[in-house]
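Written below as structure tokens is the structure these notes are about.
Every read-out reported here was derived from the displayed coordinates using simple, explicitly stated rules and does not represent laboratory data. Because the structure is a prediction, the values reported are computed rather than measured. We place every Cβ from the backbone using ideal geometry, glycine too, and count neighbours over all the protein chains shown.
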Amino acid sequence: MENRRSMILCDIGNSRMHICEGEEVIHCSHDEGIERYGEREDLFFICVNEAVRREIKKKKLPWTDLSHRHRLETAYKGLGIDREAACLGVEEGVVVDAGSAITVDIMEKGRHLGGWIWPGIRAMLESYRNISEKLSVSLDPDLSLDRLPLDTGDAIGFAILAPIAALTEKYAPGKRIVVTGGDAVIVAKALPDAEIDETVVFRGMKKLIKDNEC
């Protein structure tokens with residue numbers, strides 16, 4: 001593979017773009033990302049938002065799409081390219097991506113064993129608001145999972161975070177846990193010894209580029 005020191009990596013999610021340029025990671029809207037990097041021929045991207053993909057194609061941007069260049073060893077059907085890239089960036093342990101959705105994937109010796117999906121924190125809080133105004137709360141970032149909740153706000157936060165901790169411990173006890181995504185700081189507090197790493201997807205993308213000789 002040729003020298004890619006100026007290579008830009010872009011993870012296009014459902015609600016935001018996440019862009020790695022050199023050592024810097026920026027988060028921006030889809031429109032802002034297209035406006036800023038639209039002419040860059042050294043941009044490689046993965047995308048789970050089909051509307052944005054159509055916009056990229058319509059504008060004939062000179063970007064390289066890695067979304068269909070899979071290499072992860074897995075029996076999982078329909079694994080999103082964003083999850084695949086994150087798993088490639090870890091190889092051993094648990095990957096938790098806390099974004100618009102919360103995904104948990106378990107890796108062992110470079111092989112993906114499986115995983116699951118929850119709605120993201122914002123989506124879950126909104127679902128409570130849709131039930132009743134009395135359930136319209138914010139999630140306390142300092143919520144403790146070591147005791148039963150005694151008010152509605154803590155009860156909802158507990159219901160959101162405790163299953164993440166419990167299922168991760170059940171299916172991957174003692175494994176390294178890497179958390180990424182916009183709500184990584186909140187989710188990581190529910191997972192003892194978890195690492196927060198916003199570059200994990202980009203490390204996986206670099207492997208896709210190398211293995212596909214892009």
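Remarks
- Share, in percent, of DSSP beta bridges within the chain that are antiparallel, nearest 5: 60 percent
- In this label model, Thr199 and Ala51 are separated by 3.3 nm, measuring between points 7 Å along each Cα→Cβ vector.
- Separation between Cα centres of segment 106-134 and segment 193-207, rounded to whole Å: 19 Å
- Scanning the chain for DSSP H helices at least 27 Å long along the axis (C-alpha atoms) with a Kyte-Doolittle mean no lower than -1.0 picks out 152-171.
- Rounded to the nearest 20 debye, the dipole magnitude of segment 8-65 is 400 debye, with +1 charges on Lys and Arg beta carbons, -1 on Asp and Glu beta carbons, and the Cα centre as origin.
- For Gly93, the amide hydrogen comes within under 5 Å of the amide hydrogens of Met107, Glu108, Lys109, counting only partners 5 or more places away or on other chains and with H modelled in the peptide plane.
- Three principal axis extents of the chain based on alpha-carbon atoms, in descending order, are 58, 39, 32 Å.
- Qualifying trypsin sites (Lys or Arg not before Pro) for segment 3-97 [loop in DSSP, other Cβ within 10 Å: at most 11]: Arg5, Lys60, Lys77
- Value at 222 nm in deg cm²/dmol, rounded to 500, when DSSP H runs of n ≥ 4 in the chain each add -39,500 (n - 2.57): -10500 deg cm²/dmol
- Residues Asp146, Asp183, Asp105 arranged by fewest to most Cβ contacts within 10 Å: Asp146, Asp183, Asp105
- Label-zone membership for segment 118-138, site His27, 7 angstrom Cα→C-beta point, backbone N under 15 Å: 120-123
- Across the chain, C-alpha contacts under 8 Å between residues 6 or more apart give a mean separation that, scaled by the residue count, equals a relative contact order of 20 percent.
- Rg(Cα) / (2.2 N^0.38 Å) computed for segment 92-198, rounded to two decimals: 1.08
- Under the combined filter of DSSP loop state and at most 10 neighbouring Cβ atoms within 10 Å, segment 161-214 retains these GluC sites (Glu not before Pro): Glu213.
- Lysine pair number, Cα distance threshold 28 Å (strictly under), segment 88-214, separation 8 or more or different chains: 12
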